[in-house]
Each structure stands twice: as structure tokens, then as C-alpha cells.
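Chemist: Pasting a structure here, questions to come.
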Amino acid sequence: MNAFRRLPRRLVPLALGLAMVGCGSDQFQDLKQFVADAETVAGNRARIDPLPKVDPYEPFVYNQAELEDPFRPRKIEPTRSAKGQIQPDLNRRREPLEAFPLDNLRMVGSLQQGKTLFALIRTPDKNLFRVRQNNYIGQNFGLIIEVDETGLKLKELVQDGAGEWTERITSLFLQDETEARP
């Protein structure tokens, strides 16, 4: 601004006119050419493929009357097969060791009186019982079928999901006093 104060007042409009002419030079010619080229290309636009055909939505009809309710408990009805199927004797008198699960019972020794071999069984409440072949033990109607010095073998009757009784052979082995203590 100080430069304009030194100039005589008549030269100020002339200096401003020259400055305006300098701004009007052809420095934006490349930009003008780019816009002109873009306009000619716009007439020859690229072709866009149409959208693919979309199948109409088909709703699923949920008919709850034909399906089972997944939240209602149901009982599996046992199939009645042969008349001679295996069943436990529910009318016999229970033995004391049938009150305990087999996992809680420990064989801690054996004892022989005459020709009969007995197994010594310890219960969780530290009572000791003497059992032999044909005694019952455990909660699955376990019948002792063999006793020896190292353990005993028993035949259990368990009910499967269909309600039928099946036999299962299980063993209970002699344990050290250190293993017998929980």
C-alpha cells in the first residue's frame, strides 16, 4: 500500500489496470482444455450393464400344528419286544450295600471261611461289610458273580433310553488303605 502512496494519483488507476491484465493471462489454458475434453467424452459415456433380475421373496409358512413343541418335555415310550426280556426282581428284599453307588464303595480286603471267599467292602460312612457270590451291591441291581483275592465281578442291570433293561459286567478291585481314603 505504501508503494501506491508514492505514485502520483493519476498513475494509480494505470497500475491497477496493468495488474488486472496480468491476471487475465493464459495460465489456465490447460484447465480449460481438460474441461472441454471431458465434455466431449461425456457425450460418449460408457455403457453400464443393467442390474440382474432379483427373484421375488417367498415367505416360509410355519405351521406349528404339524411340528413338535421343542420346549415341552416328552417321555420316550419303551418298545415292548419279547416277553422274556431281562428285568430286575423288584419284589426281593434289598441288601444294605444297595443303598450306595458303586463308585462310593471300596474293596479293602478278602476273607476265606471254609471254601467260601468273601470280599470286605468299606462304605463312605466307614462301615465294613462282608459279601460273597450271589450278594447284591450298588444301586444298579449289581449281582456278585465272582469273588477272588484281587477284586469282584458283578452283573448290573441298567435301563436304556428306550426303557429296556440290559446287563453290564462291572468290576470292583482291591485298593490300598491309602487309596481307600477320600
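Chemist: Report the calculated FRET efficiency for residue 90 and residue 117 (r = Cβ-Cβ distance, R0 = 25 Å), to the nearest 0.05.
Modeler: Working: r = 29 Å, r/R0 = 1.17.
According to the calculation, E is roughly 0.30.
Chemist: Between the DSSP loop rule and a limit of at most 16 other Cβ atoms within 10 Å, which trypsin sites (Lys or Arg not before Pro) in the range 54-159 are left? Can you show the working numbers first?
Modeler: Numbers: sites: 74, 75, 80, 83, 92, 93, 94, 106, 115, 122, 126, 130, 132, 153, 155; in loops: 74, 75, 80, 83, 92, 93, 94, 115, 126, 132.
Counting only loop positions with at most 16 other Cβ atoms within 10 Å, the trypsin sites (Lys or Arg not before Pro) in the range 54-159 are 74, 75, 80, 83, 92, 93, 94, 115, 126, 132.
Chemist: Then there is this: Consider a paramagnetic label point 7 Å from the Cα of residue 98 along Cα→Cβ; state which residues of the range 115-147 have an amide N under 17 Å from it.
Modeler: Under 17 Å, as judged by backbone N against the label point of residue 98, lie 130-145 of the range 115-147.
Chemist: By what distance, in whole Å, do the Cα atoms of the range 96-180 stretch along each of the three principal axes, largest value first?
Modeler: Sorted largest first, the three principal extents are 42, 29, 20 Å.
Chemist: Taking 0.36 nm per residue of sequence separation and subtracting the Cα-Cα distance, how much length would be gained by fully extending the chain between residue 29 and residue 54, in nm to one decimal? Mind showing how you got there, number by number?
Modeler: On the way: separation 25, 0.36 × 25 = 9.00 nm, distance 4.88 nm.
Here the segment from residue 29 to residue 54 would lengthen by 4.1 nm.
Chemist: Evaluate E = 1/(1 + (r/R0)^6) for residue 126 and residue 167, where r is the Cβ-Cβ distance and R0 equals 22 Å; express this FRET efficiency to the nearest 0.05. Don't skip to the answer; put the middle values down first.
Modeler: Values: r = 32 Å, r/R0 = 1.43.
Step by step, r from the Cβ atoms, then E = 0.10.
Chemist: A further question on this structure: Could you check the simple spin-label distance between residue 20 and residue 155, using points 7 Å along Cα→Cβ, in nm with one decimal?
Modeler: The answer from the label model is 12.3 nm.
Here, each number is a calculation from the coordinates, and none is a lab measurement. A quick note: this is a predicted structure, and the numbers were derived from the prediction, not measured. Note that we place each Cβ from the backbone using ideal geometry, even for glycine, and neighbour counts take in every protein chain shown.
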